[in-house]
Amino acid sequence: MSQAQALLARFPALGKLQDLPRPVLLGAASAVVAAVVVLLLWSRGPEYSVLFSNVEDRDGGAIVAALGQMNIPYRMSDSGSAILVPKDRVHETRLQLASQGLPKSGSVGFELLDNTRFGASQFTEQVTYQRALEGELSNSIASLHAVQQARVHLAIPRESLFVRERQEPTASVLLNLYPGRTLTDAQVAAIGWLVSSSVPRLNAENVSVVDQNGRLLSAPSGEAGAEGTRRNFINDLEQRTVQRILTLVTPLVGAGNVRAQASADVDFSQREQTSEVYRPNQEPGQAAVRSKQTSGSEQHNVLPPQGVPGALTNQPPPNAVAPISLPPPAPPAQPGAQQGANPLSTQGKDEAPAVPTNTRHDATINYEVDRTISHVKEATGKLRRLSVAVVVNYRPDEDGVAQPLPPEEIENLNRLVKDAMGFSEERGDTLSIVNSRFTPDTPASVPVWEDPDYLDLGMQLLRYLLIALAAWFIWRKIVKPYFAHLASRQEAVLQAAQENAANRDAAAQAAAAAARRASEISRYEDNLGVARELAAKDPRAVAMVLRSWMEPNAKD
């Protein structure tokens, strides 16, 4: 038996399919194949795409709730940072969520550059890059502990080839802080440096940080910001000076027995000085040689000039003659010229011939010029003068009587305070230490009725009492009677309404009773008429009925 026959024997219903026409079998097979394909596609599901990424938990919950209300299937990415929806419904879902104001927070970053369009202009690419950079900075700042939401605006000028037309970029940061949390100056400065380090040629001073209440958290730029910085610098300098003085003097004279104040004169002007100084040359042998040039010339056996000066003597010299040869003949004498002596001729037998020699030495030495070039830039905030005033209280003796301090101790305090404040006579600092009795902080007792504080308190209490009496009088004479009158009117209206309702109920009941009586009377008359008609038609039947009524226990 083949497998087909075995299958037909096991399932007899399949044998009946053979009896069906061929077109029906083809249609059934096509339906089965279509059902299988639909099941496979349904089991596979739609292709999902990213709807929103980097969404906060609060916005994520609102978006998921909105998707559930719109019956849109969604999935979460493996990392949980993105919400996925069917690819064919991404844009529609975004528009529907945007109409509901979702997402409320969060910003896109460099993922904007993932979907670049072909043929986009340079301006469009620059704007897209700026938006992406602003989004990344917003996300980075929002990761701080105290920041709930952040928004960054960048003002990046267009590049220019001309140096004079170049403008520095600026930035502004809007922070939405969590309730009850604040940012310190160091954190605000860190936000400014974070933004400035992310944008080329952006200075941290050009970054403005503002919170959700409109308060400027960063230091203002310009003259106003510089003035506040200078004032804070002076106050800090004076407070540190006073604190150092009190720290040293308080253990010596006791707590509460010393007062100190400091006044600092600070120069905030900026100065730059460049000087070039020339000093006299140094001693020989110590100066630096810059250049040295030496030339020497030496000639031997050179005949001295001979002949009569004049134009005829400007002739080339004769040929050189060896010493063993005879000297050349003398040139003919010119008229009026004197015959010169031959230098090679000997004057006597004992004298040696004179050898002509010509020697010359030249030396040129250049020494370096002693020059000093200095460029000095003074620091901003230079202390020009410091004035300190210290007051020390009298010291009580054994009997409790306040006595002034001895001069030796005052002098020790003077030296100690000078060292603590950094006293400088060249700078023109001043120090004044005064030993005097302190006035007690508690004023003299005065009667209660003369104390201005108590008098002010009494006037305020009297004012409040008068206001309370006036309010009680208005309530007693005007408001309460008015409300009582309204209450009585409402009660009367309610009572009248109840009476009207009772009357309406009684009238309705009477009408219903009359209707019932009328219906009973009409029914009795109808029955009586029917009985009369029966008696007229069939008297015997009527008699039988009357007989049955009269004999209720009689048997039929």
So, with points 7 Å from each Cα along the Cβ direction, the T430-S49 label distance in nm works out to 8.1
Taking the Cα-to-Cβ direction at M76 and at D526 and moving 7 Å from each Cα, how far apart do the two end points lie in nm? 7.7
Can you list the HN-Hα couplings for segment 235-249, worked out from phi with the Karplus curve (6.51, -1.76, 1.60; θ = phi - 60°), rounded to whole Hz and with x for Gly and Pro? 4, 5, 5, 5, 5, 5, 5, 5, 5, 5, 5, 5, 4, 8, 8
Mean accessible surface per residue for segment 183-243, computed with a 1.4 Å probe while every protein chain stays in place, in Å²: 62
I need the calculated FRET efficiency for the pair Q69 and A501, taking r as the beta carbon distance and R₀ as 56 Å, to the nearest 0.05. 0.70
Coordinate range along principal axes, alpha carbons of segment 360-442, Å, largest first: 105, 29, 14
Dipole of segment 144-261, Cα-centred, from +1 at each Lys and Arg C-beta and -1 at each Asp and Glu C-beta, to the nearest 20 debye? 160
In terms of modelled amide H atoms, which long-range or inter-chain residues lie less than 5 Å from the amide H of V209? V173, L217, S218
Simple SL model, points at 7 angstrom along Cα→Cβ for Q148 and S197; separation in nm is 2.8
Whole-Hz ³J(HN,Hα) from phi, Karplus 6.51 cos²θ - 1.76 cosθ + 1.60, for segment 155-164, glycine and proline x: 10, 9, x, 6, 5, 10, 6, 8, 5, 5
Which value does Rg/Rh take for segment 404-491 over its C-alpha atoms, Rh per Kirkwood? 1.62
Over all directions, segment 373-527 yields a Cα convex hull whose mean projected area in nm² is 36.2
For S49, residues with placed amide H under 5 Å, excluding near neighbours: V85, K87
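Taking 0.36 nm per residue of separation and subtracting the Cα-Cα distance, what length does fully extending N414 through L466 add?
Gain on stretching N414 to L466: 12.6 nm.
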Using just the alpha carbons, could you tell me how many Å³ per residue the convex hull of segment 367-414 encloses? 150
What translational diffusion coefficient, in µm²/s and rounded to a whole number, does the Stokes-Einstein relation yield for segment 142-227 at 4 °C and a viscosity of 1.567 mPa s, taking the hydrodynamic radius as the Kirkwood radius over Cα pairs? 93
Please report, as a whole percent, how much of the solvent-accessible surface of segment 459-556 comes from carbon and sulfur atoms (probe radius 1.4 Å). 63
Taking 0.36 nm per residue of sequence separation and subtracting the Cα-Cα distance, how much length would be gained by fully extending the chain between I365 and N213, in nm to one decimal? 46.9 nm
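The values are calculated or read from the model by the stated rules, or taken from the named source; none is laboratory data. Because the structure is a prediction, the values reported are computed rather than measured. Counting neighbours? That spans all protein chains shown, and the Cβs are built from the backbone with ideal geometry, glycine included. Protein only, heavy atoms only, side chains kept; ligands, DNA and RNA dropped before computing areas. Shrake-Rupley method; radii C 1.70, N 1.55, O 1.52, S 1.80 Å.
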